[in-house]
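> Could you have a look at this structure, given as structure tokens, before my questions?
The values are calculated or read from the model by the stated rules, or taken from the named source; none is laboratory data. Owing to the predicted nature of the structure, the values given are computational and were not obtained by experimental measurement. Every residue, glycine among them, receives a Cβ derived from its backbone with ideal geometry; neighbour counts consider all protein chains shown. These area figures cover heavy atoms from the full protein model, side chains too; ligands, DNA and RNA do not enter into them. Shrake-Rupley method; radii C 1.70, N 1.55, O 1.52, S 1.80 Å.
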Amino acid sequence: MVSTNPYNDFLKECQMALQNSIATLHLSIPAISFSLDAPPSPEFGELTSTISFEIGKKIKQQPRSLAKQIVSSIDVKDFPLMSAAKFAGTGYINFYANFAELSKITIDSTLALNDAYGHVQTEKPKNVIVEHTSANPISPINIGKARNPILGDALARILAARGHAVFRHFYIDDVGRQTAVVAYGYKKLGRPSLKEKPDHEIGLIYTLTSCIIEIIRLKLALEKQRNVSTEIKQKLQMQLEDWSSIAAELKGKHPRLFTELLEKISEDKDTENLINKLNQAYEAGEEEAKGLVREVCQLSLDGIKETLTNAEIFFDSWDWESEFTWNSDVTKTLKALKKTGYAFQEGPVLEFDADKVAEDYKLKHMLGIKDDHEIPSLTLTRADGTTLYTTRDIPYSLWKFRKADKVINVVGMEQKLPQQQLKLALWALGYANHAKNLTHFAHNLVTLPGYKMSSRRGRYITFDEVMKEAVKRAREEVEKRSPQLSKEEKERISRIVGIGALKYALIEVDPTKRVVFTWDRVINFERNSAPYIQYSYARSRSILRRVKETPKKFDYSLLTKPLEHDIIWELARYPEVFIISAENFKPNTIADHANLLADKFNSFYTAFPVIKAKPEALSEARLGLVKAVSIVLRNSLSLLGIIAPEKM
RNA sequence: GGGUCCGUAGCCUAGUCUGGAUAAGGCGCCGGCCUUCGGAGCCGGAGACCGGGGGUCCAAAUCCCCUCGGACCCGCCA
């Protein structure tokens, strides 16, 4: 018999036992919960119920005596996966698994389902769009932002394994001030042909241009304030000093390019105006602007794609933001928003009254916002008529919902407010359902000790750089530990291990917590890391390679050691862990479980022989166990976008 | 000023949604293991009253209130 979820089979038996028992004893109370917990220690069995506390409270009886009654009315013979039900402590009911049976069903199912084991299919498959990365096409992906593609990709893999039709979308944010800035700088340099990785070079042009025009802007602003000695003036002065020191730093690192850009930009009278004009022209879809901005973005994007490909992260769709302004979707959205009455003119700009929508439709509670908290309004258009990011995100979201039932935006948690405003805009437009099916998967960033990375300030460590270093360090290890492997094999393994370590480090921590970057933290080859799990997998495969054929039939009752039971329990639990991870969008629980399983397996590995175990039937049973472990480790890693190597 | 998130051994984290029995790992530290199949490993030890204070409950790291510390947001940036 093959089971997709052995843990759940056992759980169901325990619940059935409780239900029957409570019915027989006439202890039924309304709204009783039959949920079961993991006991704190193996001596208390595999699952535990606190139901006697609940009932005892209602009918005023001692939980312990209730537990005793319940347990004595359970006949374990009725439940094949159960070996015992005992009462303990002040009223706990503990269930013990019948490992002869549980082992059989778990290992048989794992071997039979193989790649599919654990990945329990949802009963309600949906079309799901996971939008992630969506890095601005003006600079390379830095390590601060790299958690986004890594988490987004893992989430997409998990949802696909759950049986959803998943589409991975990259939203190319090519509209807006920053692309105008970099395009302007690029044009000033005479559209140079690039020699290095394009996103790195474009990123540098962006940083330098942005810095130079910032200083020009601040100087002009200060001149205007010349006659008044105000706080504003002081603030401007401070900002100018800040940017000047950044400029000095940049000039030191890139003297030629900096000087060239400075000279060329100084030729222009009103840079600010030129950049605004370019932004307007691009958004309006004027040919010249289109040619220029698209050229820069495409170059940058080529580099970004290369980075993502190196990380084994792929997309189904690359969505240009500009398309939505050019095809009038944005215009239509603005018109529709005005019609709702929630858009209002404030001087030259158009605002969206997000708070009023929330009040009128009573959405604050649902959005987790306090009743008396006023949601700031969202600016929809600038004074010059151009639109803003969140404004354009509204038609883009509607477009996504024409293709999918569910949309997940993997976006940093600092964008919580705009994501809420977006939802409210959908609501106002009459798309309440879409708003409900829009999820902001919020995550925290990777920060450097002491400061946040910033493309504008040119302070960042690139994802490329970190991957390169990770592979380099992995290569040193492989060289040391497996000198017999071929050069090609070593290289392939170094990539798998190095990049695996990096991905794992950014996935294993709860997404809402930030990760402070240190090289040793993100490139870790010891316990509690991808390489540790990969190593465990390689060890399991190494055993399996040594035997000609794994037998089809095992005598599972021979697997009696506590460590063996621990492993089987974790194998049985894997489908449940997977479901929880998929339903709650928690990739880190997969990482956690894989590490736990690897841990148990390594202990088992040193404690007991497999191939040379006697009698032969025991050896065969252990081989089945090892094979099952290898399958679950490989399946878990694959959900995280990490490859399980045969050797390392 | 208003809001969101985070605070668990020297350090990094799990557990918090859905309250249950001695708070679980890793790094570092101390002491062991070249035990047959891979030492990126294994075994043992010391180390935390879960930021602080109240409250609810038979039971609180977990729920509620207050408070302190940190990060982020409140922009005609994204």
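> With both partners inside chain A, how many of the DSSP beta bridges are antiparallel, as a percent to the nearest 5?
50
> Check which residues have an amide H placed less than 5 Å from residue A:319's amide H, if you skip close sequence neighbours.
Close amide H contacts, sequence-distant or interchain: A:170, A:171, A:172.
> Towards the positive end of the charge dipole of chain A, with charges on Cβ (+1 Lys, Arg; -1 Asp, Glu), say which of A:234, A:536, A:206 has the farthest Cα.
So the residue furthest toward the plus end is A:536.
> Something else: How charged is the neighbourhood of residue A:202? Take every other residue with its Cβ under 15 Å from the Cβ of residue A:202, and add Lys/Arg as +1 and Asp/Glu as -1.
Once all neighbours under 15 Å are counted, the net charge is -1.
> Which sequence of A:646, A:549 reflects their accessible areas, 1.4 Å probe, from the largest down?
Numbers: A:646 70, A:549 135 Å².
Result of the area sort, largest leading: A:549, A:646.
> Let me ask something additional. When all alpha-carbon pairs of segment A:519-648 are counted, what percent fall beyond 18 Å?
53
> Based only on Cα atoms, what Rg/Rh ratio does chain A have, Rh being taken as Kirkwood's radius?
Looking at chain A, the ratio lands at 1.05.
> Could you give the nm distance between label points at residue A:317 and residue A:26, where each point is 7 Å from its Cα heading toward the beta carbon?
6.2
> Percentage of Cα-Cα pair distances in segment A:527-566 greater than 12 Å, rounded to whole percent?
Counting every Cα pair in segment A:527-566, those more than 12 Å apart make up 72 percent.
> Find how many whole Å separate the alpha carbon centroid of segment A:481-513 from the alpha carbon centroid of segment A:333-350.
Using only Cα atoms to place each centre, the spacing works out to 51 Å.
> Specify the angular offset, from 0 to 90 degrees and rounded to the nearest 10, of the alpha carbon long axis of helix A:198-224 from the longest principal axis of the alpha carbons in chain A.
Here the helix axis deviates by roughly 50 degrees.
> Can you figure out the FRET efficiency of residue A:266 with residue A:326, using R₀ = 41 Å and their beta-carbon distance, to the nearest 0.05?
Once rounded, the FRET efficiency stands at 0.80.
> Still on this structure: Roughly how large, in nm² to one decimal, is the mean projection of the convex hull of the alpha-carbon atoms in segment A:424-548?
13.0
> Taking every eigenvalue of the Cα gyration tensor of segment A:251-310, multiplying by 5 and rooting it, what semi-axes result, largest first, whole Å?
Gyration-tensor ellipsoid for segment A:251-310: 24, 22, 8 Å.
> Helix A:616-639 versus the longest principal axis of chain A: what angle, 0 to 90°, nearest 10, using Cα atoms?
Rounded to the nearest ten degrees, it is 20.
> Any idea of residue A:167's accessible area? Nearest 10 Å², probe 1.4 Å.
80
> Assuming R0 = 35 Å, what is the FRET efficiency of residue A:196 and residue A:488, from their Cβ-Cβ distance, to the nearest 0.05? Walk me through the intermediate numbers first.
Details: r = 27 Å, r/R0 = 0.76.
That pair, residue A:196 with residue A:488, gives E of 0.85.
> Tell me, what % of the accessible area of segment A:463-639 is carbon and sulfur with a 1.4 angstrom probe?
Whole-percent figure for carbon plus sulfur exposure: 49.
> Mind checking Rg over Rh on segment A:6-97, alpha carbons, Kirkwood formula for Rh?
Working: Rg = 11.9 Å, Rh = 12.9 Å.
Rounded to two decimals, Rg/Rh equals 0.93.
> Scan segment A:178-212 for trypsin sites (Lys or Arg not before Pro) in coil per DSSP, keeping those whose Cβ has at most 13 other Cβ atoms within 10 Å, and list them by number.
Counting only loop positions with at most 13 other Cβ atoms within 10 Å, the trypsin sites (Lys or Arg not before Pro) in segment A:178-212 are A:195.
> Sticking with this one: With the cut-off at 1.5 for a/c, could you classify segment A:342-480 from its C-alpha gyration tensor as rounded, prolate or oblate?
In terms of gyration-tensor shape, prolate.
> List the residues, sorted by chain then number, that are 5 or more residues from residue A:350 or on another chain and whose placed amide H is less than 5 Å from its amide H.
A:380, A:381
> For segment A:177-312, what does the relative contact order come out to in percent, with C-alpha contacts under 8 Å and a separation of six or more?
Details: 97 pairs, mean separation 58.4, N = 136.
The normalised contact order for segment A:177-312 reaches 43 percent.
> So if I take the centroid of the Cα atoms in segment A:226-290 and the same for segment A:516-584, what is the distance between those two points in Å?
55
> If you don't mind, there's one more thing I want to ask. Roll a 1.4 Å probe over the protein heavy atoms and report the accessible area of residue A:41 in Å², nearest 10.
30
> Also, quick follow-up: Under a crude label model (7 Å from the Cα following the beta-carbon direction), how far is residue A:459 from residue A:220 in nanometres?
2.6
> In addition: Taking the Cβ-Cβ separation of residue A:280 and residue A:370 as r and a Förster radius of 41 Å, what is the calculated FRET efficiency to the nearest 0.05?
0.55
> While we're on this one: P(r) for segment A:227-374: what percent of alpha-carbon pairs falls in each 10 Å bin, starting at zero?
8, 17, 25, 29, 18, 3
> Fully extended, how many nm does the chain gain between residue A:606 and residue A:124 (0.36 nm per residue separation, minus their Cα-Cα distance)?
Values: separation 482, 0.36 × 482 = 173.52 nm, distance 4.33 nm.
Once the chain is fully extended between residue A:606 and residue A:124, it gains 169.2 nm.
> I'd like to check one number: the per residue accessible area of segment A:177-312, probe 1.4 Å, reported in Å² as a whole number.
53
> Now for a different question. Which net charge results when you count Lys and Arg as +1 and Asp and Glu as -1 among the other residues whose beta-carbon is under 13 Å from that of residue A:142?
So the surrounding residues net to +3.
> Then there's this: Quick one: accessible surface of residue A:473, probe radius 1.4 Å, all protein chains present, in square angstrom to the nearest 10.
Solvent-accessible area, nearest 10 Å²: 60 Å².
> Right, another one. Just the number, please: carbon plus sulfur as a percent of the accessible area of segment A:177-312, 1.4 Å probe, no ligands or DNA/RNA counted.
Answer for segment A:177-312 is 50 percent, counting heavy atoms of protein chains only.
> Below 8 Å between Cα atoms, with a sequence gap of 6+, how large is the relative contact order for chain A in percent? Mind showing how you got there, number by number?
Working: 1025 pairs, mean separation 110.6, N = 648.
Over chain A, the number comes to 17 percent.
> Under Stokes-Einstein, with the Kirkwood radius over Cα pairs standing in for Rh, what whole-number D in µm²/s applies to segment A:177-312 at 10 °C and 1.306 mPa s?
Diffusion coefficient, whole number: 98 µm²/s.
> Continuing with this model, one more query. Angle check, please: helix A:587-607 long axis (alpha carbons) against the longest principal axis of chain A (alpha carbons), in degrees 0 to 90, nearest 10.
Roughly 40 degrees between the two axes.
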